Amino acid sequence: MHELEQLDVDTLIADIAARLKKRIAEQNLSNPALVGIRTGGVWLAQRLQKKLKLAGPIGELNIAFYRDDFSRIGMHPTVEPSALPFDVNDRHLLLVDDILYTGRTIRAAMNEIFDYGRPRSISLVVLIDRGGRELPIDASVYGARVTLAPGQHVKLLGPDPLRLEIGATKS
Amino acid sequence: MAQDSIQLDSQGRLKHFLTTEHLPRSLLTAILDNAERFTVVGDRAVKKVPLLRGKTVVNLFFEPSTRTRTTFELAAKRLSADVMNLNIEASAAKKGESLADTLRTLEAMQTDMFVVRHHESGAPEFIARQVGPEVSVINAGDGRHAHPTQAMLDMFTIRRYKRDFTQLKVAIVGDVAHSRVARSEIHALKTLGVPEIRVVGPKTLLPRGIEALGVDVHHSLETGLAGVDVVMMLRLQQERMQSALLPSGHEYFHTFGLTPARLKRAKPDAIVMHPGPINRGVEIDSAVADGKQSVILQQVTHGIAVRMAVMSMAMGTAAQAS
């Protein structure tokens, strides 16, 4: 467990890159492709792409059409659409997000990926695992695990520089 | 008309889509932006998103239509909704009472959305005023009044090719008087900031007093098309020629048919649009309809994404009212 205030995003990304490199080698994930969840996950995927010197474009997912709260809150405000500019069939995917919390976003992202095709495998890479899971989903690689006080939230701001914002949840 | 109040919920979100009139620019832009996101879905292996899973859409068509009904059906299916198509005979003019009865029956089947085409202006609004708070109504064309999703797919097509509405000259050509498409297009173009809108056609096919909508009137294609960025053709309905309004299709083509020579009046990169189905050799020459500047088939593709956007926005709003 880390103290949230002490976390430095660049250090975390370097740690993640090292662990991810190890995982790619150990699990023999040949020709893996990064897929970021908009928007924070895309920023992270771009950083990891450089650090790991991976070839090819990264994928970007906007999971608004796959959320499970449509009936409660309607359409989400517009962000850029999804773009997976490569064939996902039989690829090893590295799915990247900034904060892992309930797991619902990851559930939605995986559902969307499977509408593009059948990947060989999906590894989940997150900057912060803040606990609080409501679904059986876990990160393959994470930067830090933190515990937040009730009512506290953490958010990745960016894209340049990337930094973590810690604050009280808006009610 | 108080349609602006019935179209939006208390927070200004789209609840019913009955007309492009009286809606703010921000909302029309949101429809276009959402449609942009949905176009990607059509390029994937699985051309479906689970957004409206478990919702029921009824296509309620009191007037025949192939293209509009099928694109609405496809849009609903790509959103994972269940769709029923009801083609109701447009025999006699339906009275309010019978329409209300039809509606009550369909509502009892727990319908979440009605997509309505009707030969009488105002029928979709009438339905929107009858249904419960959790039900949305989309106008798929009513009388001479409005065809808002057609107008929005036209706006989407214009934005894809021309980007900035505030720099454009647009000509709407043909039977404006009987066209619900033209009316919805004019309102949308105005709201989105198009500075110059022209209507072009013979006197008998342009409604009197149309200048009041802020459009310039032209009675010849030569002046009407000069320097325009967008040519929006309208379909000439055959029944107009049987009445006294027009001599014949051949004669109409002679003066108002869009030929390659006449299109040269417009800017070299002008696009040509048509809501379909086209009458070749009546309002448009095949060489233009199938030519480089024609975006008529792209309009059809865009129609699916635009209808997905409108349906999901309206149903998202309605779902919270329940």
### Query
Which value, in Å to one decimal place, does the Kirkwood hydrodynamic radius take for the range A:4-168 when every pair of different Cα atoms is included?
16.2 Å
### Query
Looking at chain A, what % of its DSSP beta bridges pair antiparallel, to the nearest 5?
25 percent
### Query
How long is the gain from A:Ala149 to A:Phe86 if the chain were fully straight, where each residue apart is worth 0.36 nm and the alpha carbon distance is subtracted?
18.6 nm
### Positive-end residue, the protein assembly as shown charge dipole about Cα centroid, Cβ charges, pick of B:Val115, B:Ser65, A:Ala109
A:Ala109
### Query
Okay, helix-only estimate at 222 nm for chain A: each DSSP H run of n ≥ 4 adds -39500 (n - 2.57), divide by all residues, round to 500 deg cm²/dmol; what do you get?
-8500 deg cm²/dmol
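Counting only other chains, what is the mean number of Cβ atoms within 10 angstrom of the Cβ of each residue in peptide B:303-314? Show your work: numbers first, answer last.
Details: counts 0, 0, 0, 0, 0, 1, 2, 0, 0, 5, 2, 2.
If you average over the peptide's residues, the count of other-chain Cβ atoms is 1.
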### Query
Out of residues 5 or more away from B:Ser294 or on other chains, whose amide H comes under 5 Å of its own, with H placed 1.01 Å from N in the peptide plane?
B:Val272
### Task
Calculate the dipole size of chain A relative to its Cα centre from +1 charges on Lys and Arg beta carbons and -1 charges on Asp and Glu beta carbons; express the result in debye to the nearest 20.
260 debye
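What is the average number of partner chain Cβ atoms found within 10 Å of a Cβ in A:62-70?
4
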### Summary
Exposure proxy check on A:Glu26, B:Glu36, B:Glu125, B:Glu251: fewest-to-most Cβ neighbours within 10 Å is A:Glu26, B:Glu251, B:Glu36, B:Glu125
### Query
Which value in deg cm²/dmol, rounded to the nearest 500, describes the helix-derived mean residue ellipticity at 222 nm for chain B, given -39,500 (n - 2.57) per DSSP H run of n ≥ 4 and division by the residue count?
-12000 deg cm²/dmol
### Message
How would A:Asp160, B:Asp290, B:Asp142, A:Asp115 line up from fewest to most surrounding beta-carbon atoms within 10 angstrom?
### Response
A:Asp160, B:Asp290, A:Asp115, B:Asp142
### Query
So what's the net charge close to B:Arg180: Lys and Arg +1, Asp and Glu -1, counting the other residues with Cβ under 12 Å from its Cβ?
-2
## Note on the structure
For B:Met233, other-chain or 5+-apart residues with amide H closer than 5 Å (H placed, Pro excluded) are B:Val173, B:Met273, B:His274
### Message
Between B:Gln238 and A:Ile73, what is the label-point separation in nm under the 7 Å Cα-to-beta-carbon projection?
### Response
5.3 nm
### Query
Classify the range B:173-263: rounded, prolate or oblate, from the alpha-carbon gyration tensor (a ≥ b ≥ c, eigenvalue square roots; a/c under 1.5 rounded; otherwise prolate if a/b is larger than b/c)?
oblate
### Query
Can you give the mean number of other chain Cβ atoms that lie within 10 Å of the Cβ atoms in peptide B:52-64?
1
### Task
Could I have the simple spin-label model distance between B:Glu107 and B:Val40, label points 7 Å from Cα toward Cβ, reported in nm to one decimal?
3.8 nm
### Query
In debye, nearest 20: dipole of the protein assembly as shown around its Cα centre with unit charges on the Cβ of K, R (+) and D, E (-)?
720 debye
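Grab the Cα-Cα distance for B:Thr66 and B:Ser220, subtract it from 0.36 nm times how many residues apart they are, and report the gain in nm with one decimal. Let's see the in-between values first.
On the way: separation 154, 0.36 × 154 = 55.44 nm, distance 3.19 nm.
Answer, rounded to one decimal: 52.3 nm.
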### FRET efficiency, 1/(1 + (r/R0)^6) with R0 56 Å, evaluated for B:Ser10 and A:Lys50 via beta carbons
0.75
### Summary
Once amide hydrogens are built 1.01 Å from N within the peptide plane, the residues lying 5 or more places from A:His92 or on another chain with amide H under 5 Å from its amide H are A:Ala33, A:Arg120, A:Ser121
### Selected from B:Ala100, B:Val131, B:Thr317, residue furthest toward positive end of dipole (chain B; charges at beta carbon)
B:Thr317
### Task
Evaluate the distance, in nm, between pseudo-label points positioned 7 Å from the Cα of A:Arg118 and of B:Arg160 along their respective Cα→Cβ axes.
3.2 nm
## Note on the structure
At the level of C-alpha centres, the distance separating the range B:118-140 and the range B:1-62, in angstrom, is 14 Å
#### Entry: Calculated over the range B:148-300: convex hull of Cα atoms, volume per residue (Å³)
95 Å³
### Message
On the Cα set of the range B:1-60, report Rg and Dmax in Å, please.
### Response
14.4, 45
### Order of B:Phe61, A:Phe114 under a 10 Å beta carbon neighbour criterion, fewest first
A:Phe114, B:Phe61
### Task
Evaluate E = 1/(1 + (r/R0)^6) for A:Gln6 and A:Asn111, where r is the Cβ-Cβ distance and R0 equals 45 Å; express this FRET efficiency to the nearest 0.05.
0.80
### Task
Just need the relative contact order of the range B:118-213 here, percent rounded to a whole number, with Cα pairs under 8 Å and 6+ apart.
26 percent
### Message
I need to check one value: relative contact order of chain A, counting alpha carbon pairs closer than 8 Å and at least 6 residues apart, in percent.
### Response
24 percent
### Message
How high is the relative contact order of the range A:45-109? Use alpha-carbon pairs under 8 Å, at least six apart in sequence, and give a whole percent.
### Response
42 percent
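Values in this text are rule-based calculations from the coordinates and carry no lab data. Treat the numbers as computed from the prediction; the structure is a model and nothing was measured. Positions of Cβ are backbone-derived with ideal geometry, glycine not excepted, and every protein chain shown enters the neighbour counts.
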